[in-house]
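Presented below is the structure to which this report refers.
The values are calculated or read from the model by the stated rules, or taken from the named source; none is laboratory data. None of these values were measured; they are calculated from a predicted model. Don't worry about glycine lacking a Cβ; one is built from the backbone with ideal geometry, like all the others, and counts go over all protein chains shown.
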């Protein structure tokens with residue numbers, strides 16, 4: 001039972017982090033290289049939209065399995081003062097990552113779609129700032145997800 005729970009938790013984390021690595025290091029640079037081709041934008045948007053389902057499915061699995069794993073170590077769920085400090089750090093990083101993901105999906109993504117629908121000469125300086133932020137937020141989230149992974153490894157080793 002415990003091995004299956006750990007496997008499911010790791011599978012969800014791998015799906016989220018692996019997909020983020022793929023989008024950030026493979027698909028986005030390929031899109032930029034092919035931006036003059038009409039289908040490049042459609043491919044990127046379709047891939048990102050499908051990946052969003054993977055992310056939120058992974059989040060659901062992680063939210064369900066995480067507390068069970070905490071309890072399996074004998075740590076009380078509602079007494080964070082009794083948790084190892086590394087668990088608190090990991091969960092703080094996870095909370096920040098979730099906030100970044102929500103901001104990307106619910107605020108930045110829709111705003112970027114609206115900006116990209118405008119002709120380039122109709123975009124404001126604020127629009128350009130939003131477009132720049134939209135390229136850096138996923139990279140920052142990738143770095144943060146790797147920090148969560150590192151914290152998880154350190155926690156498992158302690």
Top-ranked residue of region 31-46 - restricted to ones that are under 20 Å from residue 21 (Cβ atoms) and out of contact with any helix residue (DSSP H, G or I) (no Cβ under 6 Å at 6 or more places or on another chain), ranked as modelled with the highest pLDDT:
46
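It is to be established whether one or more residues within region 94-104 are in contact (Cβ under 8 Å) with a residue 60 or more places away in the chain and within 22 Å of the chain's Cα centre (by Cα).
no
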So residue 57 clears everything in (1) within 19 Å of residue 153 (Cβ to Cβ); (2) modelled with pLDDT of 95 or more except one condition, right? Which one?
(1)
Going by the structure shown, is residue 150 modelled with pLDDT of 95 or more, under 28 Å from residue 64 (Cβ atoms) and out of contact with any helix residue (DSSP H, G or I) (no Cβ under 6 Å at 6 or more places or on another chain)?
yes
Condition test on residue 158, is it exposed (fewer than 12 other Cβ atoms within 10 Å of the Cβ) and touching a residue at least 12 places away in the same chain (Cβ under 8 Å)?
yes
